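The values are calculated or read from the model by the stated rules, or taken from the named source; none is laboratory data. If you're wondering where the values come from, they're calculated on a predicted model, not measured in any experiment. When the accessible area is computed, the model is the full protein with side chains, heavy atoms only, and any ligands, DNA or RNA have been set aside. Shrake-Rupley method; radii C 1.70, N 1.55, O 1.52, S 1.80 Å.
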Amino acid sequence: MVTATAADDAALIQASLADPERFAGLFDRYAEEIHRYAGRRLADVAAADDVTAETFLTAFRKRARYDLSRPDARPWLYGIAANLIARHRRAEVRRLRALARLTGDLPEGGEQPFEQTSLDRVEARRLRPRLAAALAALSCAERELFLLVAWAELSYEQAAEALDIPMGTVRSRLSRTRAKIRRVLEAPR
């Protein structure tokens with residue numbers, strides 16, 4: 001999802017070189033989105049707070065090196081956040097492996113009417129341990145790319161930019177990653 005003001009990001013960054021307070025506009029545009037992504041990746045609100053703050057602090061410090069030919073700063077910010085999240089990967093893999101070991105019913109948040117959305121939730125809960133195992137089995141590079149596309153909803157081009165990898169690598173890595181996840185989810189239990 002590109003905001004209506006994404007085309008102004010490069011101009012905003014450039015203006016912040018002379019007037020640093022202008023950089024706050026970039027924070028206002030994307031902090032919630034970056035926080036949401038970090039929160040989903042880390043499953044820890046405090047860690048997501050830290051990653052979000054550090055993402056924008058790092059971006060502020062590196063703003064003079066930003067490629068002004070790129071009008072949308074989202075991929076750049078997600079790239080910074082992804083690098084910071086990498087510090088948490090060992091804990092993330094341990095958490096995914098623990099979740100994969102869970103069996104039985106997981107607690108439900110309350111009574112819901114029985115309808116298709118409830119069926120979808122039940123199916124998602126049933127698959128959660130297997131999906132966690134599949135994500136834990138991925139390499140760091142595969143997991144990061146997959147989650148940037150699936151959770152952050154970055155396009156292939158934006159993911160390539162965020163991770164500083166060629167477009168062909170994005171396509172082939174995502175194809176292999178999806179096949180790995182599919183094999184785990186379709187395997188008999």
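Accessible area per residue, 1.4 Å probe, Å², for region 12-62: what's the number?
Averaged over the residues of region 12-62, the accessible area is 53 Å².
Keeping all protein chains in position, work out how much accessible area Tyr37 exposes to a 1.4 Å probe, and write it in Å² to the nearest 10.
About 10 Å², ignoring ligands and nucleic acids.
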